[in-house]
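Working notes, beginning with the structure itself.
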Amino acid sequence: INMDAENSEYCHRIYEGRNNYLSFIALFNPENLIHTYYTVSCKDCVDVAINQYCELCYETVDCERCYHCRYGSRLRNCRDCFFMTGLMKT
């Protein structure tokens, strides 16, 4: 269980993260995640899962305030989406 993880490596539950890698639950400040899973305040994402405040996403899944999205799913306040699905109004 990580708390103030800096360069994060294989991660698990990062809270104040930085350059994560295999992530898992991430939460508040993680930055450059990669294979994440639950995340919350995401940043430069990659194979995301149940994101929240996303940013440059990629294969997102449940998203929230996205930004550059890609293969999407249930996005919300998208931006440059690509193959989106189930858009929900807010």
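Odds and ends about this structure:
- Viscosity 1.567 mPa s, 4 °C: Kirkwood-radius Stokes-Einstein D of the chain over Cα pairs, µm²/s: 106 µm²/s
- In the context of the full set of protein chains, residues of the chain present 59 Å² of accessible surface per residue (probe radius 1.4 Å, heavy atoms only).
- Measuring nothing but protein heavy atoms, the accessible surface of the chain at 1.4 Å probe radius is 50 percent carbon and sulfur.
The values are calculated or read from the model by the stated rules, or taken from the named source; none is laboratory data. Every value quoted in this text rests on a predicted model; they were computed, and no experiment measured them. Calculation scope for accessible area: heavy atoms of the full protein, side chains included, ligands and nucleic acids excluded. Shrake-Rupley method; radii C 1.70, N 1.55, O 1.52, S 1.80 Å.
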